[in-house]
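Structure first, then comments.
The values are calculated or read from the model by the stated rules, or taken from the named source; none is laboratory data. These numbers come from a predicted model, not from an experiment. For neighbour counting, all protein chains shown are included, and Cβ atoms are generated from backbone atoms with ideal geometry for every residue, glycine included.
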Amino acid sequence: MEKVQSTTHVQGDGRARLYNFRQDELAKWFQSRGEPAYRGRQVFQWLYQHLAVTFDEMTNLPKPLRSRLAECAVIGTAQERLRQVSKVDGTVKFLLAWPDGVTVETVLMRHNYGNSVCVSTQVGCKMGCRFCASTLGGMIRQMTAGEMVEQLMFSARLLRQEGGRVSSVVLMGSGEPMDNYDEAMKFIDIIHDPDGLNIGLRHITVSTVGLVPGIVRLADDGRPVTLAVSLHAPTDELRSSMMPVNRAYPIAKLLDACRYYCRKTGRRISFEYALVGGKNDSLEHARQLASLVRDIPCHINLIPVNYVPERNLRRTPRDQVLAFQRELQAQGVNATVRREMGHDIAAACGQLRAEYAGRV
Ligand code: SF4
């Protein structure tokens, strides 16, 4: 597995941000401060097995060490600004704010197979997909690995109170993970650690708009996560009109990278296809899509697009969604319609943040 260089461990006030450390880095950090390396493991377990939020909870550490830690380190720095809970399916959407004023969304979704958390990898996004609210204000800054971990911890703590746990994670919130590759991979290493949250790589989904170099790098670096590729259109002309990234990485190049990912990792690709009324949702589109991906081990997730007021998008009627799915299946391609989560709250990526920004 490729080791990613450590990045931002320290915040503006000089205190270390502990969610930014992999376990091995934490051990080295303690050593650099004259403490035994095993303190790193102990603190890592407190953070992720016990979900500690204060150093006082870390009762197997000597009291003087706990006091020193409180002076030179912080556990989390985000504050919950808003929380929306769906009355329909229990989906919880958190809007979190960091000390520099940026906000991101993270969502807890409850499925019959477990609890999944959607994490944002950037504040805003520069990819400009036409159907997405997250990109309306452009990209403001990258999230650090620790800030991604912290998003997850809000759901982990809520679930712990209910006797549950996070079973899967999707990097599908605002931002493009491949455009913040090192931090996204470090985040995966931290949450995958068996001494911590122990989330299996197969239960981690990296969603990309189709940045080909990132897909190739991910295939090569030994983390066989689930790769979700936003395809959304079966022709370059249509895809470029919906996703500017297609001009840099057109469909043929993107699908070659997907084939490479399958060969290297043995994993199936999950192709995301947002159905937009009158745009990409005809049966002819379904047939074109099937012929593109038929030779790739894959699954297609059909997503009836959420209404984005700023984008004036039309939804595909339910019977047409099902007809599109049937056509793909008839052409020999696996397809499911994604269950809509929390449709009574502002559940589309970026919507809560956009609404909040409009209020303040
Ligand atoms: S869909 Fe994803 S990649 Fe595209 S603009 Fe929105 S957040 Fe960015």
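Odds and ends about this structure:
- Leading residue by the ranking (farthest from Tyr113 (Cα to Cα)) among those in region 174-184 that are within 12 Å of the ligand (Cβ to nearest atom) and touching a helix residue (DSSP H, G or I) at 6+ places or on another chain (Cβ under 8 Å): Asp179
- In region 217-240, the residue that is farthest from the ligand (Cβ to nearest atom) out of those that are surrounded by 16 or more Cβ atoms within 10 Å (Cβ to Cβ) and assigned to a helix (DSSP H, G or I) is Ala219.
- Taken over region 159-172, the criterion of being out of contact with any helix residue (DSSP H, G or I) (no Cβ under 8 Å at 6 or more places or on another chain) and not aliphatic (A, V, I, L, M) is satisfied by Arg160, Gln161, Glu162, Gly163, Gly164.
- Residues of region 75-123 that are within 15 Å of the ligand (Cβ to nearest atom) and not aliphatic (A, V, I, L, M): Thr103, Glu105, Thr106, Cys118, Ser120, Thr121, Gln122.
For (1) within 26 Å of Ile75 (Cα to Cα); (2) surrounded by fewer than 24 Cβ atoms within 10 Å (Cβ to Cβ); (3) without any contact (Cβ under 8 Å) to a residue 24 or more places away in the chain; (4) of a type in the set (A, V, I, L, M, F, W, C), each residue gets a yes or a no:
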| residue | (1), (2), (3), (4) |
| --- | --- |
| Met143 | yes, no, no, yes |
| Ser155 | yes, no, no, no |
| Leu158 | yes, yes, no, yes |
| Glu162 | yes, yes, yes, no |
| Ser174 | yes, no, no, no |
| Tyr181 | yes, yes, no, no |
| Gly196 | yes, yes, no, no |
| Thr208 | no, no, no, no |
| Pro213 | no, yes, no, no |
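- Check on Leu201, of a type in the set (A, V, I, L, M) and touching a Gly at 6+ places or on another chain (Cβ under 6 Å): no
- Of the residues in region 66-76, at least one is modelled with pLDDT under 95 and either under 24 Å from the mean Cα position of the chain (by Cα) or assigned to a helix (DSSP H, G or I) (or both).
- Those helices (runs of 4 or more DSSP H) of region 241-298 in which 1 or more residues are more than 21 Å from Gly332 (Cβ to Cβ) and more than 16 Å from the ligand (Cβ to nearest atom) occupy 251-265.
- Inclusion of Phe187 among residues that are touching a residue at least 24 places away in the same chain (Cβ under 8 Å), farther than 24 Å from Ser86 by Cβ, in the same structural domain as Val245 (by TED's automatic domain parsing) and away from the ligand (no atom under 16 Å from the Cβ) is warranted.
- Selection count, region 124-146, where residues are within 11 Å of the ligand (Cβ to nearest atom), under 15 Å from the mean Cα position of the chain (by Cα) and assigned to a strand (DSSP E or B): 1
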